[in-house]
Amino acid sequence: MMILEQIRKDNPLIICITNDVVKNFTANGLLALGASPAMATEKLEMDEFLTHAGALLINIGSIEEHDIENMLAAAKYANHHDVPIVLDPVACGASKFRKDFCLKLLETYDITVIRGNASELQALTGEANMKGTDADTSLSTEDVARAAYNKFNCAIVVTGEIDAICVNGKINLIENGTALLTKVTGGGCLLGAVVASFIYNETKPTLETLTEALTTYTVASEFAERASNGTLPGHFAVNLIDQLYLIQESDVAENRLVKEV
Ligand code: ATP
Ligand code: TZP
Ligand code: MG
Ligand code: MG
């Protein structure tokens, strides 16, 4: 059985500490996929939640100073219970506050996957000037993924027109997807939560597991684009949820565009 089918059978609990903009979209996307989202954040209950969780997402999109304690506590309990963690370092190149927090989290706890756009991963490995959450599209996702892997020694997913996944130094490039994902808020944030769902109960995910996560999401986005009455972002956002519900492993196998490098 491939992982998509396994998710639908096991319905893993995915704890999502994520930003105020995308909570509802993320929860609907995960329910459609077959996972069980819980947007719990409070440190006083995290030990109990993480006892039953398949994965934890930490997305810093709307982080404030008082969130730091909850996020660090969640990472601590996740490590304690062997729950994999996905970090989405939203806009970490836009402020020192965000970058310092991400580096502290990465230094202190075992993060399973970092998933971000090229500017975010570049900011974590060196310097990048970001205006907000959006990426510098001239960066090579492959180069950025390799540099981030060399620094953090965990699995890396760098998204953009071509997505680069690096696990244990090996890279796959994914050519699926649609630019409409950049025209709805949460296109990347939901992907981080989908990655968390695919690695449930697995603190050492393989390159193939992450490739399955990325291709399932991006092939679903292509189907949603086709169903979207031209290129209207509002219709696309709703159709993406529907296609995450409808997509089958055979659709992914027939449509995936993966290059091993
Ligand atoms: P940003 O913070 O810049 O909005 P993000 O965190 O939303 O970035 P993206 O890099 O936009 O993340 O990636 C989200 C999804 O969109 C990924 O699945 C990626 O494959 C897809 N994607 C992004 N840009 C394009 C593009 N130009 N063409 C096709 N797919 C794209
Ligand atoms: N502001 C803070 S978080 C956020 C915005 C607009 C959502 C970003 O979503 P994505 O998925 O990174 O495009
Ligand atoms: Mg986006
Ligand atoms: Mg993002």
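Values as computed for the structure displayed
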| read-out | value |
| --- | --- |
| Test set (1) surrounded by fewer than 16 Cβ atoms within 10 Å (Cβ to Cβ); (2) within 16 Å of ligand 1 (Cβ to nearest atom) - Asn168 fails condition number | (2) |
| Condition check for Leu210: in a helix (DSSP H, G or I), within 16 Å of ligand 3 (Cβ to nearest atom), within 28 Å of Ile15 (Cβ to Cβ) and modelled with pLDDT of 95 or more | no |
| Residues that are in contact with a helix residue (DSSP H, G or I) (Cβ under 8 Å, 6 or more places away or on another chain) and either assigned to a loop (DSSP other than H, G, I, E, B) or within 16 Å of ligand 3 (Cβ to nearest atom) (or both), drawn from region 58-85 | Asn59, Ile60, Gly61, Ile63, His81, Val83, Pro84 |
| Unique residue being outside any helix (DSSP H, G or I) and either touching a strand residue (DSSP E or B) at 6+ places or on another chain (Cβ under 6 Å) or among the charged types (D, E, K, R) (or both) when the list is Asn229, Asn172 | Asn172 |
| Residue pairs meeting the criteria (Cβ under 8 Å; at least 6 apart or on separate chains; first closer than 25 Å to Pro89 by Cβ and without any contact (Cβ under 8 Å) to a residue 60 or more places away in the chain, in region 1-26; second of a type in the set (S, T, N, Q) and buried (at least 22 other Cβ atoms within 10 Å of the Cβ)) | Ile17/Asn59 |
| Output for region 100-119, where each listed residue is β-branched (Val, Ile, Thr) and more than 18 Å from the chain's Cα centre (by Cα) | Thr108 |
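The values are calculated or read from the model by the stated rules, or taken from the named source; none is laboratory data. Please read these numbers as outputs of a predicted model, since none were measured by experiment. So basically every Cβ, Gly included, is an ideal-geometry build from the backbone, and we count neighbours across all protein chains shown.
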